[in-house]
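Below is one structure, written out as structure tokens; comments come after it.
The values are calculated or read from the model by the stated rules, or taken from the named source; none is laboratory data. Given the structure is predicted, the values throughout are model-derived calculations rather than measurements. Methodologically, a virtual Cβ is constructed for each residue, glycine included, from the backbone with ideal geometry; neighbour enumeration extends over all protein chains shown.
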Ligand code: 3ON
Ligand code: FE
């Protein structure tokens, strides 16, 4: 960390904190319009719909949400059709969203520190959670699902974005059962997802859904210790979870003083456990669960994983420890001092299954988040990785650019929206007739502080540096968002 601080001083800042903060203003309105403010041209072959999810409300009637991860889910939909683009956004009408809208005040505590007004006395022994459906949105089996990792998905009308209710996949999921926000679609055609039920022993459930969104396999495992597992990796034969060393002391949460996630502390002297669970169809299923160890750290997101011979490669964005935007402090996240926290960086883990050894190497030193790849290469060998990154090659800073890495040749390309643009998650959309792994487009949502509006950027994935193919300017801003997906249907 001290190295990061020193490096930062040599480089001019590419952003101001005020600009970044403005991207966390609530968006209360719901819009529905054809985008007419366009620079460049939308490619005719780009047909389909991009969905994005993220916190739309950062306050309830002026009462501040403590952390963006606690904000109510709002879906944005961009339909690309015959060279035109249509925008629509709607809040997921969760029970909690509707109740708080009616009451005009915060009624629920949030996992990341949002408290009901009235101090600890108003929060003590309140263990209710509000399913905020704010983390990801996927279209699968003709259903549009808004996901939040600690509860059930919400199903929406894929066209109007009207909320239909909680989704149980025809009893595949039971009431109150979680369904994580990071499903992976296996190129063979199954959607694989997991659920974490924390406890002294943590229960990990793995679901596989067919193309009709029927749960065709479900397996449960109990593992030792506390887990905060946000994402996972699939390969042809395994589901892989990184259990970073953490401890959880729920007392301050029970006493009404802080949120549950603020009671999680990194345990830097303990190893990370890498848990390999054979997928149900796999010939490895009889050999059972394998656990390997590597050094401490904290991972939210994995880029991809694949098997070669007796090895498994996993590429992940790894932090020194759990410290993303100071979730463990009581300070307002808008005051985040990026220079004081260690950035996430891209690492490659090589798991040797025969020797039961793990080697980790840093692939890229730049602060990054939100990896994306070609969908046909999920869980398979791959060459190209795209992710949101800081504008500067060193130090921690908000995400302002997109980096493409050629993992085979080690070459890189970057497109930056700095100084006043802030980059969301890139989505890779394959060209319908493309042959190469990087034939397609990168579509991202950029918050532009200059106009306090957002734009959609379309880049050529094959050549990020040739400039934008198109910029589609929205009439308003979208608060810094989380994840999304693309569907051609
Ligand atoms: O693990 C236990 C069980 C569990 C499911 C404990 C627990 C209470 C923490 C928990 C709940 C976890 C939840 C609700 C996690 C929600 C996470 C969330 C909404 C978002 C995570 C986003 C991650 C990243 C890296 C986002 C980065 C964003 C930017 C850099 C830019 O804006
Ligand atoms: Fe995520």
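Overview of results
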quantity: Any chance residue 107 is in contact (Cβ under 8 Å) with a residue 60 or more places away in the chain, farther than 29 Å from residue 370 by Cβ and surrounded by fewer than 20 Cβ atoms within 10 Å (Cβ to Cβ); calculated: no
quantity: Selection count, region 19-50, where residues are exposed (fewer than 13 other Cβ atoms within 10 Å of the Cβ), over 19 Å from residue 71 (Cβ atoms) and either touching a helix residue (DSSP H, G or I) at 6+ places or on another chain (Cβ under 9 Å) or in contact (Cβ under 8 Å) with a residue 60 or more places away in the chain (or both); calculated: 4
quantity: Within region 371-390, considering residues that are part of a loop (DSSP other than H, G, I, E, B) and away from ligand 1 (no atom under 16 Å from the Cβ), the one nearest to residue 185 (Cα to Cα); calculated: 378
quantity: Region 282-303 - residue that is in a loop (DSSP other than H, G, I, E, B) and more than 21 Å from residue 377 (Cβ to Cβ) and, of those, nearest to ligand 2 (Cβ to nearest atom); calculated: 297
quantity: Subset of region 76-95 (residues that are over 9 Å from residue 49 (Cα atoms) and without any contact (Cβ under 8 Å) to a residue 40 or more places away in the chain); calculated: 82, 95
quantity: Selection count, region 391-432, where residues are part of a strand (DSSP E or B), within 25 Å of residue 44 (Cβ to Cβ) and either more than 16 Å from ligand 1 (Cβ to nearest atom) or more than 16 Å from the chain's Cα centre (by Cα) (or both); calculated: 6
quantity: Some residue of region 311-323 being at pLDDT 95 or above, more than 16 Å from ligand 2 (Cβ to nearest atom) and surrounded by fewer than 21 Cβ atoms within 10 Å (Cβ to Cβ); calculated: yes
quantity: Residue check for residue 442: surrounded by fewer than 24 Cβ atoms within 10 Å (Cβ to Cβ) and within 16 Å of ligand 2 (Cβ to nearest atom); calculated: no
quantity: Qualifying strands (runs of 3 or more DSSP E) (wholly inside region 176-262; at least 3 residues being closer than 18 Å to residue 291 by Cβ, within 16 Å of ligand 1 (Cβ to nearest atom) and more than 22 Å from the chain's Cα centre (by Cα)); calculated: 215-224
quantity: Positions within region 251-272 being touching a strand residue (DSSP E or B) at 6+ places or on another chain (Cβ under 8 Å) and free of Cβ contacts under 8 Å to residues at least 40 places away in the same chain, in sequence order; calculated: 263, 267, 271, 272
quantity: Filter result for residue 322 (part of a loop (DSSP other than H, G, I, E, B), in contact (Cβ under 8 Å) with a residue 24 or more places away in the chain, closer than 30 Å to residue 115 by Cβ and out of contact with any helix residue (DSSP H, G or I) (no Cβ under 8 Å at 6 or more places or on another chain)); calculated: yes
quantity: Output for region 344-366, where each listed residue is within 16 Å of ligand 2 (Cβ to nearest atom) and part of a loop (DSSP other than H, G, I, E, B); calculated: 344
quantity: Region 445-489: number of residues that are in a strand (DSSP E or B), surrounded by 15 or more Cβ atoms within 10 Å (Cβ to Cβ) and more than 16 Å from ligand 2 (Cβ to nearest atom); calculated: 16
quantity: So residue 405, is it within 16 Å of ligand 2 (Cβ to nearest atom) and either touching a strand residue (DSSP E or B) at 6+ places or on another chain (Cβ under 8 Å) or under 14 Å from residue 20 (Cα atoms) (or both); calculated: no
quantity: Tally, over region 433-456, of residues that are more than 16 Å from ligand 1 (Cβ to nearest atom) and under 30 Å from residue 17 (Cβ atoms); calculated: 8
quantity: Where residue 130 falls short, out of the listed (1) in contact with a helix residue (DSSP H, G or I) (Cβ under 9 Å, 6 or more places away or on another chain); (2) more than 18 Å from residue 484 (Cα to Cα); (3) within 16 Å of ligand 2 (Cβ to nearest atom); calculated: (3)
